[in-house]
Amino acid sequence: MQDFYKVDIEGFDASLPILTLPSGVKIAFFNLHGATEMTEHCGKALAKYADGCEVVITAESKGLQLCHVVARELGMPFYAVARKSKKLYMQDGISVKYGSSITTGKDQELFLSKHDVDLLKGKKVGIVDDVVSTGESLKGLEALVEKAGGIVYKKLFVLAEGDAKNRQDVKYLASIPLL
C-alpha cells in the first residue's frame with residue numbers, strides 16, 4: 001500500500017504519493033501531467049502573482065501545461081520553453097549547463113530556440129515551474145534567461161520543497177517537506 005502526503009494548494013487538496021529517489025531521499029511526488037483541474041487551479045493562482053511579467057518561461061516537461069495556463073491568464077500569445085535536449089528547430093538557439101536536480105541526480109543542460117531567445121530579450125521574465133527544491137533547475141533557468149538578454153523578474157512555483165520554503169526570492173503556493 002502506497003503512502004501519500006496531503007497538501008492544500010491554495011484551496012486545492014492534493015494527495016501526493018511518497019516516492020524514494022535513487023539517492024534514498026523520499027519526496028512527496030507532485031505531477032501535473034494529465035491533471036487538468038489541478039493544473040488549471042495552480043496556473044490561475046500563480047498568474048495572480050505574475051503582475052509585471054512581460055513573458056513567462058518554464059523547463060520541460062512538468063511545467064509546460066502550468067506555464068500555458070499562466071500565459072493564457074495573462075493574455076500572452078507565446079511563452080518560452082527550455083528544452084532538456086537540443087531539437088532540430090533549435091540549431092540557432094542557445095544553451096546553458098547547470099548542476100543536477102534532486103530528481104535526476106545528473107548534471108543538466110537547457111536549450112532555448114532562437115524564437116524564444118527573441119521572445120525573452122529585453123523583457124521582464126517570469127520563471128514558472130512546478131516545484132523548487134535544491135534550486136539547481138532554477139539556476140539553470142535564470143542563467144538561460146540572462147544569456148538570452150531577459151531580466152529575471154519573478155520566480156513562481158506551485159510547491160517549495162524542503163528548505164526552499166525559506167527562500168525570499170521565490171513565490172510559491174504551498175510547501176512540502178523532504179521525507
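Counted over the chain, the DSSP beta bridges are approximately 45% antiparallel. Per-residue 3J(HN,Hα) values for region 76-90, derived from phi via the Karplus relation 6.51 cos²θ - 1.76 cosθ + 1.60 with θ = phi - 60°, read 8, x, 9, 9, 8, 10, 7, 9, 8, 9, 7, 8, 4, 6, 10 Hz in sequence order (x marks Gly and Pro).
Think of region 11-111 as a dipole: +1 on every Lys or Arg Cβ, -1 on every Asp or Glu Cβ, centred on the Cα centre; then among GLY99, GLY34, SER61, GLY99 lies furthest on the positive end. Applying the Karplus relation 6.51 cos²θ - 1.76 cosθ + 1.60 with θ = phi - 60° to region 129-146 yields 3J(HN,Hα) values of 7, 6, 9, 10, 10, 6, x, 5, 5, 4, 4, x, 5, 4, 5, 5, 4, 5 Hz, where x marks Gly and Pro. Remark: relative contact order (the chain) = 21 percent; criterion is Cα-Cα distance under 8 angstrom and separation of 6 or more residues. Dipole magnitude for the chain: computed about the Cα centre from +1 point charges on Lys and Arg Cβ and -1 point charges on Asp and Glu Cβ, it is near 420 debye. From the residues TYR172, SER133, GLY149, which one has its Cα farthest along the dipole of the chain in the positive direction, the dipole being from +1 and -1 charges on Cβ of Lys/Arg and Asp/Glu about the Cα centre? Of the candidates, GLY149 comes out farthest on the positive side.
Converting phi to 3J(HN,Hα) with the Karplus coefficients 6.51, -1.76 and 1.60 and the offset θ = phi - 60°, region 166-179 yields 8, 5, 8, 8, 10, 10, 9, 8, 7, 10, 9, x, 7, 9 Hz in sequence order, with x at every glycine or proline.
With the helix formula -39500 (n - 2.57) applied to DSSP H stretches of n ≥ 4, the chain reaches a computed 222 nm mean residue ellipticity of -7000 deg cm²/dmol. Proximity of backbone amide H atoms, modeled 1.01 Å from N, is registered between ASN31 and no other residue at under 5 Å, excluding neighbours fewer than 5 places apart on the same chain.
Close amide H partners of ALA59, meaning residues 5 or more places away or on another chain with modelled amide H under 5 Å apart, are ALA82. Residues whose amide H lies under 5 Å from that of ILE176, counting only those 5 or more places away or on a different chain, are ALA160, GLU161, GLY162; hydrogens are built 1.01 Å from N in the peptide plane. With the highest mean first, a sort of the peptides 57-66, 85-94 on other beta-carbon atoms found within 10 angstrom per residue produces 57-66, 85-94. Computed packing ranks the peptides 46-55, 125-134 as 125-134, 46-55, most packed first, by mean other Cβ atoms within 10 Å. One entry in [x] 52, 29, 21; [y] 49, 34, 30; [z] 47, 39, 36 is Cα extents along the principal axes in Å calculated from the shown coordinates; its label is [y]. Projecting label points 7 angstrom from Cα along Cα→Cβ for LYS114 and HIS33 puts them 3.2 nm apart.
Readers should treat all values here as calculations from the given coordinates under stated rules, not as data from a laboratory. Values in this document were obtained by computation on a predicted structure and should not be read as measured data. Every residue, glycine as well, gets a Cβ built from its backbone with ideal geometry; the counts of neighbours run over all protein chains shown.
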